[in-house]
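**Q** Here it is: the structure, laid out below.
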Amino acid sequence: MQLLFADQLGPHFDLGGEILLPEVLSQFSKRRYHRQKAHLILYAIRSRARDERVSAVSLDSYRELGNFSGINAAISPTSREMLALAKSLKIELHEPRGFCSSSSDWTSFRTDKSPRLENFYRRQRARLDVLMEGPVPTGGVWNYDHENRKPAPKGGLGLAHFEIIEDEIDQGVRETLDELESSGAASFIGVDGPRKFAGDRQQAIAALNHFIEFQLDAFGPYEDAVFDGEWVLAHSMLSAPMNLGLLDPMEVVRAVEAAFLRGEASIQSAEGFIRQVIGWRDYVWHLYWEYGPDYLESNFLQAHTPLPTDWSELQPQNLQANCLSKTIGNVSENAWAHHIQRLMILGNVALQRGYDPKAVNDWLVDAFVDGTPWVMPANVIGMSLFADGGRMSTKPYAAGGSYINKMSNYCGGCRFDPKIRLGPNACPITAGYWSFLAKNETRLAGNQRMWQAYSGLRRLGNVSEIVAQEAARDSL
Ligand SMILES: Cc1cc2nc3c(=O)[nH]c(=O)nc-3n(C[C@H](O)[C@H](O)[C@H](O)COP(=O)(O)OP(=O)(O)OC[C@H]3O[C@@H](n4cnc5c(N)ncnc54)[C@H](O)[C@@H]3O)c2cc1C
Ligand code: SF4
């Protein structure tokens, strides 16, 4: 009998025989998850359990699996914790699935002279033969990133995103979670909105088709856009179904490639999207295993500020910085925010304010519907917070309010002014940026890619006043 983990729910994880699928509600008591994340996971498990080959069991703990004598195989799970458990059961473990490359593909890439993402991505394109014409990338160039940085037009994109119609399984899940909360067994964060993300195979395919038909063509140009009032824009909402194992990332990639070949999407949109999946997604997956558990303790910038309660409790109402308030509000309402909100608003603020990297990492795993232990470390410890000192990214993703003003419509509705650095209207993101540079000068000024930023800092006359102002700011 195959042991199935809760993120292995699609056909590409099915070994073809009897399946044991555990539901372990005590997982929700260990940490404070977003209510909608807990809902999606339980929904997905219970939907998979409808298959007659699946025996669903409710357990108090994964350790109880040791009492089941019939389990003889599993696909290797995605976290170190679950891998240790699977190994302790002494069953046959198959190679991991649900990604577009194997550990041996990664090993051979790591011997490359330049083992950065762009190189990994190009190798993936060529090896998988995606958007390729022989050895040449379709369109003649590998990367259209420079064309993919448009802000949304004034009225927004106006694209319809995928929506779910809840069913009786949702109702049962809601009752279970209400009981857990009222008995004190679990305490969730965020609001219990209607479910927004695909939780079974059929819904996942519908979500993929919806994205291709209505959003894909706009994905590339507006990939980095942020727009108050449109929380999804042209993003696919497919990370959750892919991370639950409901969609094979390669089927997503082939569907997008086919849409391009049919003339339904531009090359910059198809390429931009495919790079995220065969490039970034696989890259951070392999780094999770390569960097190991100690990576989570990295703290190159000596950032020790505790995560504010506005974040940990998802309380946007006390935040005055419109960009941050709206983003935390999106997370509270949807357990999701798109990439630029994660990287350039949440990540940027956490970097500037010196929030403890592991606390940020763990909060994102628990608060985001697609958060998993494997996806977060490289994205957070590495890319967003530069806590690894440059092992993953060549420089910190720090930016001031002018970037947010260019890419979003948040600043118009904000009590601060993105151009002002000092005084009551000083934008905390702009002033926070200069203060961050000043505080970390000894650690970062030697980084060649920070040369321009530090020459800007040296031209500023009032740096110590900005640093003092930001140190005294008790809330954003
Ligand atoms: C601070 C931070 C936290 C993040 N947390 C998560 C997370 O919890 N789970 C998660 O899957 N992704 C995470 N990402 C990556 C990315 O932001 C999300 O995958 C994306 O926003 C999910 O929405 P979508 O499916 O609509 O993505 P789209 O914008 O439609 O992108 C397509 C797909 O590309 C993949 N992808 C794109 N960028 C990345 C990346 N950097 N790492 C891994 N996959 C990527 C995802 O599978 C995504 O579904 C994080 C990035 C940052 C900077
Ligand atoms: S002015 Fe500053 S704080 Fe306000 S929305 Fe713009 S970037 Fe954010």
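The values are calculated or read from the model by the stated rules, or taken from the named source; none is laboratory data. In this text the structure is predicted, and so the values were computed from the model without any measurement. Every residue, glycine as well, gets a Cβ built from its backbone with ideal geometry; the counts of neighbours run over all protein chains shown. Each accessible area value is taken on the protein alone, full model and side chains, heavy atoms only, with ligands, DNA and RNA left out. Shrake-Rupley method; radii C 1.70, N 1.55, O 1.52, S 1.80 Å.
**Q** Semi-axes of region 144-184's equivalent ellipsoid from the Cα gyration tensor, sqrt of 5 times each eigenvalue, largest first, rounded to whole Å?
**A** On the way: eigenvalues 337, 42, 24 Å².
Taking √(5λ) for each Cα gyration eigenvalue gives 41, 15, 11 Å.
**Q** Exactly which GluC sites (Glu not before Pro) in region 1-53 are in a DSSP loop and have at most 14 other Cβ atoms within 10 Å?
**A** Values: sites: Glu18, Glu23, Glu52; in loops: Glu18, Glu52.
Of the GluC sites (Glu not before Pro), the ones in loops of region 1-53 whose Cβ has at most 14 other Cβ atoms within 10 Å are Glu18, Glu52.
**Q** Based on alpha-carbon positions alone, could you give the equivalent ellipsoid semi-axes of region 358-476 from the gyration tensor, as √(5λ), descending, whole Å?
**A** Largest first, region 358-476 gives 26, 20, 13 Å.
**Q** How much accessible area per residue does region 368-476 have, in Å², with a 1.4 Å probe? Don't jump to the answer; show the numbers that get you there.
**A** On the way: 4880 Å² over 109 residues.
Accessible area per residue, region 368-476: 45 Å².
**Q** Which trypsin sites (Lys or Arg not before Pro) does region 1-32 hold that lie in a coil by DSSP with at most 15 other beta carbons within 10 Å?
**A** On the way: sites: Lys30, Arg31, Arg32; in loops: Arg31, Arg32.
Here the sparse-neighbourhood loop sites are Arg31.
**Q** Another question, then. Kindly rank 351-357, 173-179, 242-248, 435-441 from highest to lowest mean number of other beta carbons found within 10 Å of each residue. Each step should come with its number before you reach the end.
**A** Values: 351-357: 22.3, 173-179: 16.1, 242-248: 25.0, 435-441: 20.4.
The most tightly packed comes first, giving 242-248, 351-357, 435-441, 173-179.
**Q** Let me ask another. Using only Cα atoms, tell me the angle between helix 463-472 and the longest principal axis of the chain; keep it within 0 to 90° and round to the nearest 10.
**A** 50 degrees
**Q** Which net charge results for the neighbourhood of Val57, defined as the other residues with beta-carbon distances under 12 angstrom from its beta-carbon, given Lys and Arg at +1 and Asp and Glu at -1? Please report the intermediate quantities before stating the final value.
**A** Values: positive: none; negative: Glu23, Asp60, Glu64.
Within the 12 Å Cβ shell, the charges total -3.
**Q** Another question, then. Under the rule of -39500 (n - 2.57) per DSSP H run of 4 or more residues, summed and divided by the residues of the chain, what mean residue ellipticity at 222 nm is obtained, to the nearest 500 deg cm²/dmol? The partial results should precede the final answer.
**A** Values: 21 runs with 188 residues, N = 476.
After summing the helix terms and dividing by residue count, I get -11000 deg cm²/dmol.
**Q** Given the C-alpha atoms of the chain, compute the convex hull and give its volume per residue in Å³.
**A** Working: hull volume 72.0 nm³, N = 476.
It is 151 Å³ per residue.
**Q** Sticking with this structure for a sec: What ranking, highest mean first, results for peptides 61-72, 378-389, 188-199 when packing means the other Cβ atoms within 10 Å averaged over each residue?
**A** 378-389, 188-199, 61-72
**Q** Taking all protein chains in place and a 1.4 Å probe, what share, in percent, of the accessible surface of the chain do carbon and sulfur account for? Kindly include the intermediate steps, with their values, before the conclusion.
**A** On the way: 10150 of 19890 Å².
Within the chain, the accessible surface is 51 percent carbon and sulfur.
**Q** Rounded to whole Å and sorted largest first, what semi-axes of the equivalent ellipsoid does the C-alpha gyration tensor of region 375-421 yield via the square root of 5 times each eigenvalue?
**A** Working: eigenvalues 159, 25, 13 Å².
Those come to 28, 11, 8 Å.
**Q** Give the separation of the Cα centroids, region 38-90 to region 256-335, in Å.
**A** A separation of 27 Å, based on Cα centres.
**Q** Can you tell me which of 318-326, 299-307 comes out highest on packing, and rank the rest after it, using the mean Cβ neighbours within 10 Å? Walk me through the numbers on the way to the answer.
**A** Values: 318-326: 21.0, 299-307: 15.0.
Result, highest mean Cβ count within 10 Å first: 318-326, 299-307.
**Q** How high is the relative contact order of the chain? Use alpha-carbon pairs under 8 Å, at least six apart in sequence, and give a whole percent.
**A** On the way: 758 pairs, mean separation 76.1, N = 476.
Relative CO of the chain lands at 16 percent.
**Q** Just the Cα atoms of region 129-222, one point each, no solvent: what log10 I(q)/I(0) does Debye give at q = 0.15, 0.16, 0.22 Å⁻¹?
**A** Taking Cα atoms of region 129-222 as identical point scatterers yields -0.86, -0.91, -1.15.
**Q** Next up: So if I place +1 on the C-beta of Lys and Arg and -1 on the C-beta of Asp and Glu, and nothing else carries charge, what would the dipole magnitude of the chain be about its Cα centre? I want it in debye, nearest 20. Please list the in-between numbers first.
**A** On the way: 48 positive and 57 negative charges, 384 e Å.
In debye, rounded to 20, the chain gives about 1840.
**Q** With every protein chain kept in place and ligands, DNA and RNA left out, what is the accessible area per residue of region 62-169? Probe 1.4 Å, answer in Å².
**A** Heavy-atom SASA per residue in region 62-169 reads 58 Å².
**Q** Over region 1-98, what per residue volume does the convex hull of the Cα atoms give, in whole Å³?
**A** Details: hull volume 9.7 nm³, N = 98.
Cα-based convex hull of region 1-98, divided per residue, equals 99 Å³.
**Q** Now for a different question. Rounded to the nearest whole Å², what accessible area per residue is found for region 234-343 with the 1.4 Å probe?
**A** 32 Å²
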